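Colleague: Dropping a structure here in structure tokens format, bear with me for questions.
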Amino acid sequence: MIDPGWRSMTVMLRVTKVEPLDGYQLRVTFNDGVVRDVDCAFLLHGTLGGPLRDPDYFRQASVDEEARTAVWPNGLDPAPEVLYGEPQTHSRSKSGSQQAAA
């Protein structure tokens, strides 16, 4: 039997900050405090991804406050879950410690 006091709470993953780095890397801060350096090479294909090959264009990444993810001027806006990636070691911005996800 499930404890009636237990509540399921789902927190929507959101991007709160992006910082373009060298080599198509994007430092992404999420609303859960995790900060990841994401290799965005997987985005460099297709009509929307092609322009990101220009390093100056890639550095135009920002946070779309409505979509709450990274976005480029042409509208490319990968889902926060895609940028978050598979569970692995993440940096925590609040504590500065490393956390290994299981």
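Colleague: Output the number of residues of segment 23-35 satisfying the condition of being buried (at least 17 other Cβ atoms within 10 Å of the Cβ) and assigned to a strand (DSSP E or B).
Modeller: So the count comes out to 6.
Colleague: May I ask you to list the residues in segment 17-63 that are in contact with a strand residue (DSSP E or B) (Cβ under 7 Å, 6 or more places away or on another chain), touching a residue at least 12 places away in the same chain (Cβ under 8 Å) and over 16 Å from Val82 (Cβ atoms)?
Modeller: Step one: list which residues in segment 17-63 are in contact with a strand residue (DSSP E or B) (Cβ under 7 Å, 6 or more places away or on another chain), which gives 17-21, 24-31, 33-40, 58-59, 61-63.
Still in the running and touching a residue at least 12 places away in the same chain (Cβ under 8 Å): 17-18, 20-21, 24-26, 28-31, 33-40, 58-59, 61-63.
Lys17, Pro20, Leu21, Gly33, Val35, Phe58, Arg59, Ser62, listed by residue number.
Yes/no matrix, rows are residues, columns are (1) of a type in the set (Gly, Ala, Ser); (2) modelled with pLDDT of 95 or more:
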| position | (1), (2) |
| --- | --- |
| Met1 | no, no |
| Arg7 | no, no |
| Met12 | no, no |
| Pro20 | no, yes |
| Tyr24 | no, yes |
| Cys40 | no, yes |
| Gly50 | yes, yes |
| Arg53 | no, yes |
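Colleague: Still on this structure, please answer the following. Tally the residues that are of a type in the set (Phe, Trp, Tyr) and on the phi < 0 side of the Ramachandran plot, restricting the search to segment 15-52.
Modeller: Here is the first cut: in segment 15-52, the ones of a type in the set (Phe, Trp, Tyr) are 24, 30, 42.
Okay, now just the ones that are also on the phi < 0 side of the Ramachandran plot, so 30, 42.
Within segment 15-52, residues that are of a type in the set (Phe, Trp, Tyr) and on the phi < 0 side of the Ramachandran plot number 2.
Colleague: Check off (1) assigned to a loop (DSSP other than H, G, I, E, B); (2) acidic (Asp, Glu); (3) modelled with pLDDT of 95 or more for Glu66 and give me the number that stays unchecked.
Modeller: Status for Glu66: all satisfied but (3).
The values are calculated or read from the model by the stated rules, or taken from the named source; none is laboratory data. Note that this is a predicted model, so its numbers are computed, not measured. FYI the Cβ positions are ideal-geometry reconstructions off the backbone, even for glycines, and counts take in every protein chain you see.
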